[in-house]
Ligand code: PEP
C-alpha cells in the first residue's frame, strides 16, 4: 500500500552555479547517470521508498458551466482506488474553482493553473496564492509549457523581458517560474512544477540539460521539496497525440531523480513524485505508468472526458 510521503531530511541546492546554468559537475553527473553506469537509468536508480500515485486533470482554458456540471457528474460517479493508493487533483480554469470546491467529491483535490509570483496587489488579471488558499484550493500548476511558450512566462532580466528564443540561447529560462513556486510554497500551497523540452531540443540531445536547468532554477529558490510534485511534460507530446514511449519517459524521470539526488539530496530524490504528461490516454497510461520512476500523470485533453476515470483506474502498481 502506498503511504503519505514524509521526507526525512532536506538540504538546499548548491548555490555555486549561476542562475539558469549548470556547473560542469552537475552536467557530468547527468551524463554519468545515463551512460557510465552501463545500465539503463531504470536499472541504475531503482526507487527505494513508496510514493503515492498522483494524477492531475488539467482542463486548460476549456469549458462552460454546463461542461463543469457534466464533468463533475462523471468524476463524482467514478469508482476509483482509495486515497491511500492515489491522489487526484483537478485543475479547472480559475473562474470555476469555487463551483468545483462546492460540488466536487471531497476525496479529489483542486489546483489552480497559475498564480502570481508574490503577494497580491496592483497586478491586473493575476491570482495570488493567498486567494487560492482562501478558496481552499491547495494545489497550483506552475511552469506549464503553454504559459512558458505562449505567454512568455520566463525571465525578467534587469527590468527587461526577453523573448523566448533569446532566453533559450542565454540559458536563462526559469526564474519567474521559480519565484512563483517559492512564493506558493511559502503560503502553504502544494505545487505541480512542469518541465520539459521542445522537439528541437530533444533532437539536439539537449533534453537532460533543459530539464535540469528548469529544475535547478527552482532548487536554487526553495528550501523544501515536501510539497512539490514534478510533471515531466515533453512539449512535443502535449496536445499532439504523440505520446513519449515508456522508455523515453522513464529515462527522463530517472535523470530528474538522479539530478535531485546529486544536487538536493537522496531522500528528496526518492520522495519527490514525478508525473508524466503529454497525450496521456486510457489506452497508453498503463504502460507508461508501469515504469519505476513514473509516479502518475498530468492529463490535459483526456481529463475532460469520462475516459479520465479509466486513467484513474488503470491499476498502476504502487511504487516501492
Ligand atoms: C497538459 O496540458 O498538461 C497535457 C499534458 O495535455 P495533453 O494531455 O492534452 O497532452
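The values are calculated or read from the model by the stated rules, or taken from the named source; none is laboratory data. Bear in mind that the values here come from a model prediction, so they are computed numbers and not experimental data. No Cβ is skipped: glycine too gets one built from the backbone with ideal geometry, and neighbour counts run over all protein chains shown.
Per the conditions (1) crowded, with 19+ Cβ neighbours inside 10 Å; (2) touching a helix residue (DSSP H, G or I) at 6+ places or on another chain (Cβ under 6 Å); (3) at pLDDT below 95, the sole criterion not satisfied by residue 198 is (1).
Residue 313 falls short on exactly one of the conditions (1) surrounded by fewer than 24 Cβ atoms within 10 Å (Cβ to Cβ); (2) within 16 Å of the ligand (Cβ to nearest atom); (3) touching a residue at least 12 places away in the same chain (Cβ under 8 Å); (4) farther than 19 Å from residue 196 by Cα, and that condition is (2). All conditions but one from (1) in contact with a helix residue (DSSP H, G or I) (Cβ under 6 Å, 6 or more places away or on another chain); (2) within 16 Å of the ligand (Cβ to nearest atom) apply to residue 250; the one that does not is (2). Do the conditions hold for residue 184, that is, is it at pLDDT 95 or above, within 30 Å of residue 66 (Cβ to Cβ) and crowded, with 23+ Cβ neighbours inside 10 Å? In short, no.
Does any residue of the stretch 231-246 turn out to be on the phi > 0 side of the Ramachandran plot, within 16 Å of the ligand (Cβ to nearest atom), touching a strand residue (DSSP E or B) at 6+ places or on another chain (Cβ under 9 Å) and modelled with pLDDT of 95 or more? Steps first, please.
First pass over the stretch 231-246, keeping only residues on the phi > 0 side of the Ramachandran plot: 239, 241.
In the following step, the residues that additionally are within 16 Å of the ligand (Cβ to nearest atom) were identified as 239, 241.
Remaining after also requiring touching a strand residue (DSSP E or B) at 6+ places or on another chain (Cβ under 9 Å): none.
Checked the stretch 231-246: no residue is on the phi > 0 side of the Ramachandran plot, within 16 Å of the ligand (Cβ to nearest atom), touching a strand residue (DSSP E or B) at 6+ places or on another chain (Cβ under 9 Å) and modelled with pLDDT of 95 or more.
Just so you know, in the stretch 294-315 the residues that are assigned to a loop (DSSP other than H, G, I, E, B) and in contact with a strand residue (DSSP E or B) (Cβ under 6 Å, 6 or more places away or on another chain) include one that is farthest from residue 76 (Cα to Cα), and it is 294.
For the stretch 253-281, what are the residues that are out of contact with any strand residue (DSSP E or B) (no Cβ under 8 Å at 6 or more places or on another chain) and within 16 Å of the ligand (Cβ to nearest atom)? Passing the criteria: 278, 279, 281. Meeting the requirement of 1 or more residues that are touching a residue at least 40 places away in the same chain (Cβ under 8 Å) and either closer than 28 Å to residue 59 by Cβ or more than 17 Å from the chain's Cα centre (by Cα) (or both), the helices (runs of 4 or more DSSP H) wholly within the stretch 194-264 are 207-219, 246-263. One residue alone among 134, 158, 205 is at pLDDT below 85 and out of contact with any strand residue (DSSP E or B) (no Cβ under 8 Å at 6 or more places or on another chain), and that residue is 158. So in the stretch 179-189, with the set limited to residues that are free of Cβ contacts under 8 Å to residues at least 60 places away in the same chain and touching a strand residue (DSSP E or B) at 6+ places or on another chain (Cβ under 9 Å), which one is farthest from the ligand (Cβ to nearest atom)? By that ranking, first place goes to 185. Residue-level analysis places residue 88 outside the set of residues that are out of contact with any strand residue (DSSP E or B) (no Cβ under 6 Å at 6 or more places or on another chain), crowded, with 17+ Cβ neighbours inside 10 Å and in contact (Cβ under 8 Å) with a residue 12 or more places away in the chain.
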